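A quick write-up on the structure given underneath.
Each value in this text was obtained by applying a stated rule to the coordinates, not by laboratory testing. These figures come from a predicted structure and were not determined experimentally. In this analysis, Cβ positions are derived from the backbone assuming ideal geometry, glycine residues included, and neighbour counts consider all displayed protein chains.
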Amino acid sequence: MSLLRRRRRGGQDHEPGKAEEEEKKPEQRRAEKKKWSCLDSCCWFIGCVCVAWWMLLFLYNLMPSSFPQYVTEAITGPPPDPPGLKLRKEGLAAKHPVVFVPGIVTAGLELWEGHQCAQGLFRKRLWGGTFGSVYKRPLCWEEHMSLDNETGLDPPGVRVRPVTGLVAADYFAPGYFVWAVLIENLAQIGYEEKTMYMASYDWRLSFQNTEVRDQSLSRIKSNIELMVSTNGGNKAVIIPHSMGVLYFLHFMKWVEAPAPMGGGGGPDWCAKHIKAVMNIGGPLLGVPKAVSGLFSAEAKDIAVARAIAPGVLDQDLFHIQTLQHLMKMTRTWDSTMSMIPKGGDTIWGDLDSSPEDDYLPSKRRQNATDEAKDGSSEPKRKRMHYGRIISFGKDIAEADSSEINRVNFRGAVKGRNVANDTCVDVWTEYQEMGFGGIKAVTEYKAYTAGDLVDLLSFVAPKMMARGSAHFSYGIADDLDDPKYLHYKYWSNPLETRLPNAPDMEIFAMYGVGILTERAYVYTEAPWAECQIPFRIDTSASEEEEDMCLKDGVLSVEGDETVPVLSAGFMSAKGWRGVTRFNPSGMKNFVREYEHAPPANFLEGRGTQSGAHVDIMGNFALIEDIMRVAAGATGDELGGDRVYSDIFEWSQKIKLKL
Amino acid sequence: MAAILRFRKLCFLEPSSPSSCNEHKKQTTKRDEKKMRENCDAEEDGLRKKGVKEWRCIDSCCWMIGLMCTAWWLLLFLHHCMPASLPGAEPPGVRLRRQGVVALHPVVLVPGIVTGGLELWEGRPCSDGLFRQRLWAGSFAEIFKRPMCWLEHLSLDNETGLDPAGIRVRASSGLVAADYFAPGYFVWANLIENLARIGYEEKNMHMAAYDWRLSFQNTEVRDQTLSRLKSKIELMYVSNGYKKVVVVPHSMGANYFLHFMKWVELAGGGGRGWCAKHIKSIMNIGPVFLGVPKAVSSILSAESKDVAFLRAMAPGLLDSEIFRLQALEHVMRVSRTWDSLVSLLPKGGEAVWGNLDWSPEEDHVCDWGTRKYQQQLKTKGNETDGRHSFQVQEPTKFGRIVSFGKTVPSPDATSSKSNALCGKVKTEYDEVSQEKIQKISEERVYTADTLLDLLRSVAPKMMKRAEAHFSHGIAENLSDPKYNHYKYWSNPLETELPEAPDMEIYSLYGVGIPTERSYVYKLSPQGKCRSIPFQIDSSADDSHNGCLKGGVYFVDGDESVPVLSAGFMCAKGWKGKTRFNPSGSATYIREYKHIAPANLLHGRGLESGAHVDIMGNVALIEDVLSVAAGASGVELGGDRIYSDIMKLSEEIKIHL
């Protein structure tokens, strides 16, 4: 109020009618003028900005909500009906209850108990949402997001738990949808919360530990049973995404296993409760990205960032050490190890050959346009060795296998790092390797999928000791071996049988047409204290237009994260028909969605995207899901729908079935 | 800073101020400066006279806003810098945890009417963009943006009491459903936070959210809410090492859970003994077991104390037809489609709520300012003589829940015909003839028994729909097979408790706040579009005994629920082995005396006894936490009583 008064007085003094008076008292006026100097101008400026902002906001709110849509339509023409509306007009209605199983990273985590520094964050999201606390208190955040290094469970005094309900993973961040589009379309044909369930779980934990700590698997079981019984016995349609696919595989084994280790549902639980499992972008055989993530906490994006601004990530100046912190945190997450490539050389290829050897990024597009040219114009190119998932140096990546001289790293003596003490605050297991260990790793030169597990056990023994108690990466010789009753095999499709449910259907739905990381060229990092000793060699690129090697990363067909091989192989071959992995012969379908980037900025993330997460907004995929949820079978959908060479590649894989 | 300054000059001063003057300023020596400046000022002045008009007003405005913004940001910044918790009382969770109290029994929270969130799943075109947004609770932004649309979506179908065609509004689920009613207005949040401190999390804490607009049985028919609750309790029981659950219903949730217990054993497939097996105790917070008089006034005239008070303060506002707002009519139209309201009508009739001349609370002292509780009076001895004589005065007739005052305006026969003009807001009153209304008001007095007849005559459709789901009487013979029907399940006077001798029932409620008990009505002044013919006579005040104020009689309670309704069942109806409690489950009464927050910093208070604010009452939270961690009612200290509930209960003579 006093402000007002002060202002008013000032205003009166300056009123034009009293200008004559003012001229009589120049001193007084001068005093006034001085007041209007710095602070006032500042206030004035802020006021101006605020007013302008409010005006804009007001105008924005006045704008009818359909306006952006109107503009889009004016530019791109009328959009297609969303699938929900379209199918509703066709008369489809909700029938089977639907269960969503979110993947790694996309689901929210919230704080239930924390240290002093996390005060006021009770039941606030630490993961997902706005990520506000990352910026405000990064170290505190990291501390709460990390798990215990020994047990893989909560550190003492910290409880971070998954968000429950559909909100857990409908949006990852404001405006960045994950499941929201699918949920909205399902709602249009009559779904609501009694028929839709988000099976959220703590994606940092190993799968069995989610049951041990949170009883997540029991909750899923109970909810599916409830939904089936309250919806007139209609079996559930399960829609796992990404790592959720592995999680649900684990669940299906768990639920039928007897009580202490399993859920005690009995041998026909899946047959009684599940109509179809519609895997979206499932890394059934793992993803090479997981390796680079565990090995050097980087992926294509980080390698590119490093190439553009070499200094930033490696700065010791500010003691930021982002990557080291990231590595320290992610290495406590057991779940990342569930996605290490499985099946070894048999699936992923050895030093000389891999199923995808003949892949050319431009080939398929050419095929589509003019198939006649194909035979003659096959470029004489160096064969890419996709099997060497990690190779040290570009020459190794391209050399013939006979030229590579490998020195076995297994059993090499690790040296002690002298400078260890200075970087204790960002502890990664690399500090215990010393020079000897690092040298041994580089001497081996090329690592195939089979060597990877050993490599990781060598560089991160503690992590892998924890992980190998929960996950396995091999191929079973004899599935009758009683050791396969242990839960660590349940999430590996090559070491478990599908449940005995002949009527159940499995869909592998994934995007194709995007280059996806498949193998890496590594280099030793310039030595510095507290550094991660290996990094992707971003200088390794091929000049030729048709090459897949770029910035140290070899790419193949996929959905940007999961290569086609991993997402499609099981449904294309491993489980097709009656095999030893699928003894009851349940039907498998491969549904691929060709990636078409959004035509313009206004379309957002596109309605025909094939990218790993954006595919959840793909209208064709949503339509398929809704048809199945409303009762259609895979054959009614049109069976397989394939754009890539998945069947050809699968044939090359010699796996006893 | 300098850049800003220059920018400002550029915008406003530069065009009119001569640049030469500025240059001169710089060049002149100090000696000349004064003279020079005067010159310059004069020069500028002349020019400013023109410029002044353009910039001064806007400029001042901007300046003001800028200053306010800056001050606000500064405050905000300081607020953020402040440590998150002011050094104050230690939260009960922390204290109990230090004493070694840890999570043991799973906890189920059952919210009451109004406090649970509702969200939109399918709507009319006007609700575009609101998919899965909250219509009820949260920010309530939609009321202001599109009120009619909002009302339309919150209404239920008038015939079936279920969704209208094309609209699906569903209860929010999860703890967020009722942790905060509006931003900053906690309901369950305090309790949840304290439970979390002793180790609770979502695997052993569940919010049994349901659509509180529906009748209880319809929540099962439409949403399978009861089945979901059953499955959830069973799951929590198994996955927490076979520990029985502690159920914490609030307000109407207490009735809902009563309904659930009958449903689960009779219709839900749980079988006899389900409750005994799964439930450790039920801690009813502010339960409305026997209904609330407030429900009567809100059905009859869509108003309660607050509205009547508002009307007294600003007589024209609510009744004005100028804006065609008709807020009350809209509220009435919508709320009459909610069956659950009928579950809150007073139950037990005259036997419980009193008749024309008698009521259990009749010698209640209404001197709220200096009110002392009976026990305290006794201890203070001779000092109390004066007050005793006070009580001897003519008893207040609380039994007359609705009475019509002396002023009955003469009927205006013509006005009823003009209703067609304002047909936009149709309430059932439009179908009630003027003569009937006249007759109703001539009847003068309604007790809990005759009330139902009154409501049946003024709201026939609603009562017909809802009375298929609720009953308000007292059972003569509980073994009569008709009591297996679900409409009796939520009335404690017409059902037996399940056979669970180890189960404990608590009644936790606040006392010490005047609570509506009965009303003085009058006929509304006739107007063109006045479709609610009755309103509370806010001019009716009682001078000799403070019980009547603004047309409302008050008794002791928690502001919404009178002590009688919240406490009677645990104090007498279920105490020991009675016909309503055949297995003799233990009952406890825990009253919390209302102490208003001392200052603003305390927010809604740590010792409040008000109906909703009691959820932040430290003593109550401690009780709930202790029981959840395994304590029994005896260990808590048994009954804890401040009010006259025991005496009141004695007055009520019903066959037990």
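Data overview
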| quantity | calculated |
| --- | --- |
| Residues in region A:143-165 that a label on residue A:117 would reach, taking backbone N under 17 Å of a point 7 Å out along Cα→Cβ | A:143-149, A:155-160 |
| Cα-based Lys pair tally, region B:169-311, threshold under 28 Å, eight or more apart or on separate chains | 27 |
| More than 20 Å apart - percent of Cα-Cα pairs taken over region A:178-269 | 40 percent |
| Surrounding net charge for residue B:205, when Lys and Arg each add one and Asp and Glu each subtract one, Cβ distance under 14 Å | +1 |
| Those residues of region B:500-518 whose amide nitrogen sits under 16 Å from the label point placed on residue B:596, 7 Å along Cα→Cβ | B:511-515 |
| Region A:468-507 - Debye-derived log10 I(q)/I(0), Cα point model, q = 0.17, 0.18, 0.19, 0.34 Å⁻¹ | -0.48, -0.53, -0.58, -1.21 |
| Calculated FRET efficiency for the pair residue B:139/residue A:410, C-beta based, R₀ 45 Å, to 0.05 | 0.15 |
| Additional length obtainable on full extension of the chain from residue B:632 to residue B:165, 0.36 nm per residue less Cα span | 163.3 nm |
| Cβ-based net charge around residue B:493, under 12 Å, with every Lys or Arg adding one and every Asp or Glu removing one | 0 |
| Two-site label geometry, residue A:435 and residue A:150: point separation in nm, points 7 Å out along Cα→Cβ | 3.4 nm |
| Average projected area [Cα convex hull, region A:544-637], square nanometres | 8.8 nm² |
| Gyration tensor verdict on region B:487-635 (Cα atoms; rounded if a/c is under 1.5, prolate if a/b is larger than b/c, oblate otherwise) | oblate |
| For region A:168-222 versus region A:230-250, the gap between their alpha-carbon centres in whole angstrom | 10 Å |
| Descending semi-axes in whole angstrom, ellipsoid equivalent of region B:142-219, from the Cα gyration tensor | 30, 17, 8 |
| Förster radius 25 Å - calculated FRET efficiency between residue A:124 and residue A:176 (Cβ-Cβ, nearest 0.05) | 0.85 |
| Burial ranking of peptide ranges B:111-117, B:649-655 (average Cβ count within 10 Å, highest at the top) | B:111-117, B:649-655 |
| Average projected area [Cα convex hull, region B:583-656], square nanometres | 6.8 nm² |
| Exposure proxy order (Cβ contacts within 10 Å, fewest to most) of A:245, A:453 | A:453, A:245 |
| Theoretical FRET efficiency, 1/(1+(r/R0)^6), r = Cβ-Cβ of residue A:635 and residue A:136, R0 56 Å, to 0.05 | 0.55 |
| Cut-off under 5 Å, modelled amide H: who pairs with residue A:263 long-range | A:255, A:256, A:257 |
| Rg/Rg_ref, region B:428-571, where Rg_ref = 2.2 N^0.38 Å and atoms are Cα | 1.31 |
| Rounded to whole Hz, the Karplus (6.51, -1.76, 1.60) HN-Hα couplings of region B:606-619, x for glycine and proline | 9, 10, 6, x, 5, 3, 9, 4, 5, 5, x, 6, 4, 5 |
